[in-house]
Amino acid sequence: MHDDVAERAYCAGKQYEAEYHGCAQCVLGALQDAFDARDDAVFQAATGLSGGGGGAGDGSCGAYAGASMFIGQLLGRNRNDFTDAEGVRHETSRLVVQLHERFTDHYGSVVCGDIQTSVIGRSYNLNDPEDVERFKAAGAHEVHCPEVVGRAARWAAEIVVANALVHGVDLIEPVEAVGTLDEADRARLGSHDDGMGFDSPAVEADAFEERT
């Protein structure tokens, strides 16, 4: 049912962001799980989009970008039909615009730094270790970013259901109580995450620690 799948996406998005960080992948993981549409290549492709793109803050919110990617995963131009004579990409854009409107209505923007200012009161340089600490101290990982990711997942789920991009969503079993993940999910999302989606401690671990 519409409300059930949207709520599952919302709760999983909040949980994943709070536990793993990396907003683009967290919203994608939540949506893929809620709609039983796992695609590891799409999930991996979202790695660098968090924090406005590489933590720069001046690009699109990773949750917005990840949710847009999920819409494209379900309804997007296929590489084997690059000419797109039927104009699939235009329909995809129409649905992403609906997501854009949800963000701008609620946060006033889809830009990462603007959303930080909206929910925390200021923007942060997520490539500056000291600013990252201030970001964390402001409750970014415990409260603010999980809520943004949860809302993005819910809004995208509502758009998916309203446009019948996935059939039979009422048949999907609810995810287990939010806060519990099986070992396969933990392996997929990574037991160590620096917040930008990197698993390796060799990738400037100090500078990239626990970013959004």
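The values are calculated or read from the model by the stated rules, or taken from the named source; none is laboratory data. In this text, all values refer to a predicted model and were calculated from it rather than measured experimentally. So basically every Cβ, Gly included, is an ideal-geometry build from the backbone, and we count neighbours across all protein chains shown.
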> Across the stretch 1-57, which residue is nearest to residue 165 (Cα to Cα) among those that are assigned to a loop (DSSP other than H, G, I, E, B) and of a type in the set (A, V, I, L, M)?
Replying inline: 37
> So, in the stretch 96-113, of the ones that are among the hydroxyl-bearing types (Ser, Thr, Tyr) and either in a helix (DSSP H, G or I) or touching a His at 6+ places or on another chain (Cβ under 6 Å) (or both), which residue ends up surrounded by the most Cβ atoms within 10 Å (Cβ to Cβ)?
Replying inline: 107
>> Whether any residue in the stretch 126-134 is under 20 Å from residue 47 (Cβ atoms), outside any helix (DSSP H, G or I) and not hydrophobic (A, V, I, L, M, F, W, C) is what I want to check.
In response: yes
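Conditions (1) within 16 Å of the chain's Cα centre (by Cα); (2) modelled with pLDDT under 95; (3) part of a loop (DSSP other than H, G, I, E, B); (4) more than 14 Å from residue 51 (Cβ to Cβ), marked per residue:
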{"site": "122", "(1), (2), (3), (4)": "no, no, yes, yes"}
{"site": "141", "(1), (2), (3), (4)": "yes, yes, no, no"}
{"site": "150", "(1), (2), (3), (4)": "yes, no, no, yes"}
{"site": "156", "(1), (2), (3), (4)": "yes, no, no, yes"}
{"site": "161", "(1), (2), (3), (4)": "no, no, no, yes"}
{"site": "164", "(1), (2), (3), (4)": "no, yes, yes, yes"}
>> Among (1) touching a Cys at 6+ places or on another chain (Cβ under 9 Å); (2) surrounded by fewer than 17 Cβ atoms within 10 Å (Cβ to Cβ), there is one condition residue 93 misses while meeting the rest; what is its number?
In response: (1)
>> Against the conditions (1) under 17 Å from residue 166 (Cβ atoms); (2) assigned to a loop (DSSP other than H, G, I, E, B), where does residue 91 fall short? Just the number, please.
In response: (2)
